[in-house]
Amino acid sequence: MCGKFVQMKDWEAMVELAELVLSTSHGLSETITPMRVASVIRLNADGKREVARMRWGFVPANAADQNIGTQFIHARAETIEEKPTYRDAFFNRRGLVIVRTFNEGKEITPTKTEQHVITPRDGKPLAIAVIWERWRKMPLESFAMVTTAANALIGTITDRMPAVIAPEHWGRWLGEEPASFDELKAILKPFEGDWDMEAAARAKSPAPKKPSAQQELF
């Protein structure tokens, strides 16, 4: 399965393999935004790849309220192993979100952003690194998207981007292959892809909230 998964030749092969509902000429696309559910590839208890449905917005295992997930949408690669919120998940619960496009926003004013849609020119999917957690109070699994400094293209609109994982590193990131701390961190770097970036309509959006010092203790 691992070889087939990495070596798939087109987007429809990935749809069949991962059982995702994605945009093709015969199907619908699934648009994921914070606090909505997405499909995440991870390893199961037997060390095999599986697809799990998780909510975007990381809820620490011992959190008092699941709504704290709104504060933990992204995890910075540079400090992910230092933050109490993310440390254990980084070392033990890593996954991939497979996407065909992703958005980045350019701030126009404090309440307006201009959305840009990033699409690979070759049409192949991208794998974005995530970390995930299981909440202890109820059956809820959630994830945070790992981010890095922006590459040359995305740096023209913002200073951060998703941590895109190259296919040859999927096994290492997921935990199928042994990897040291330094090797894991080395995977999390700006990815220079051959991508199109198209501006979409401007949209109002509130300024992002920063987690409080108390939240960072989780």
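Of the residues that make up the stretch 182-194, is at least one open to solvent by less than 70 Å² (accessible area, probe 1.4 Å) and assigned to a strand (DSSP E or B)?
The answer is no, given that none of the residues of the stretch 182-194 is open to solvent by less than 70 Å² (accessible area, probe 1.4 Å) and assigned to a strand (DSSP E or B).
Taking the residues in the stretch 139-170 that are free of Cβ contacts under 8 Å to residues at least 40 places away in the same chain and closer than 12 Å to Ala129 by Cβ as candidates, determine which candidate is surrounded by the fewest Cβ atoms within 10 Å (Cβ to Cβ).
Ala166
Name the single residue, out of those in the stretch 116-136 being of a type outside the set (A, V, I, L, M) and within 18 Å of Phe72 (Cα to Cα), that is surrounded by the fewest Cβ atoms within 10 Å (Cβ to Cβ). Write out each step before concluding.
Going through the stretch 116-136, the residues of a type outside the set (A, V, I, L, M) turn out to be 116, 119-125, 132-136.
When the remaining residues are screened for being within 18 Å of Phe72 (Cα to Cα), the result is 132-136.
On the way: Trp132: 20, Glu133: 26, Arg134: 14, Trp135: 20, Arg136: 11.
The qualifying residue surrounded by the fewest Cβ atoms within 10 Å (Cβ to Cβ) is Arg136.
Are there any pairs, at least 6 apart or on different chains, whose C-beta atoms fall under 8 Å, with the first in the stretch 80-108 and part of a strand (DSSP E or B) and the second of a type in the set (Phe, Trp, Tyr) and open to solvent by less than 70 Å² (accessible area, probe 1.4 Å), and if so, which?
Arg94/Trp132; Arg94/Trp173; Gly95/Trp132; Gly95/Phe143; Leu96/Trp170; Leu96/Trp173; Val97/Phe143
Across the stretch 176-195, what is the number of residues that are more than 24 Å from Arg36 (Cβ to Cβ) and either touching a Pro at 6+ places or on another chain (Cβ under 8 Å) or modelled with pLDDT under 90 (or both)?
Within the stretch 176-195, residues that are more than 24 Å from Arg36 (Cβ to Cβ) and either touching a Pro at 6+ places or on another chain (Cβ under 8 Å) or modelled with pLDDT under 90 (or both) number 2.
Restricting to the stretch 166-181, give me the number of residues that are closer than 18 Å to Arg87 by Cβ and part of a helix (DSSP H, G or I). Before you say what the answer is, go through the steps one by one.
So in the stretch 166-181, the residues closer than 18 Å to Arg87 by Cβ come out as 173, 175, 179-181.
Then drop every residue that is not part of a helix (DSSP H, G or I), which leaves 173, 181.
Of the residues in the stretch 166-181, 2 are closer than 18 Å to Arg87 by Cβ and part of a helix (DSSP H, G or I).
Collect the residues in the stretch 61-102 that are open to solvent by 80 Å² or more (accessible area, probe 1.4 Å) and within 14 Å of the chain's Cα centre (by Cα), keeping them in residue-number order.
Residues satisfying the conditions are His74, Arg76, Arg100.
Here are the criteria: (1) modelled with pLDDT under 95; (2) open to solvent by less than 70 Å² (accessible area, probe 1.4 Å); (3) not acidic (Asp, Glu). Tell me which single one Trp173 does not satisfy.
Here Trp173 meets the rest and fails (1).
Within the stretch 103-115, which residues are buried (at least 19 other Cβ atoms within 10 Å of the Cβ) and within 28 Å of Ala52 (Cα to Cα)?
To start, the set of residues in the stretch 103-115 that are buried (at least 19 other Cβ atoms within 10 Å of the Cβ) comprises 104, 113.
Glu104 - this is the single residue of the stretch 103-115 that is buried (at least 19 other Cβ atoms within 10 Å of the Cβ) and within 28 Å of Ala52 (Cα to Cα).
The values are calculated or read from the model by the stated rules, or taken from the named source; none is laboratory data. Worth saying up front: this structure is predicted, and the values here are computed from it rather than measured. Every residue, glycine as well, gets a Cβ built from its backbone with ideal geometry; the counts of neighbours run over all protein chains shown. The accessibility values were calculated without ligands, DNA or RNA, using every heavy atom of the protein model including side chains. Shrake-Rupley method; radii C 1.70, N 1.55, O 1.52, S 1.80 Å.
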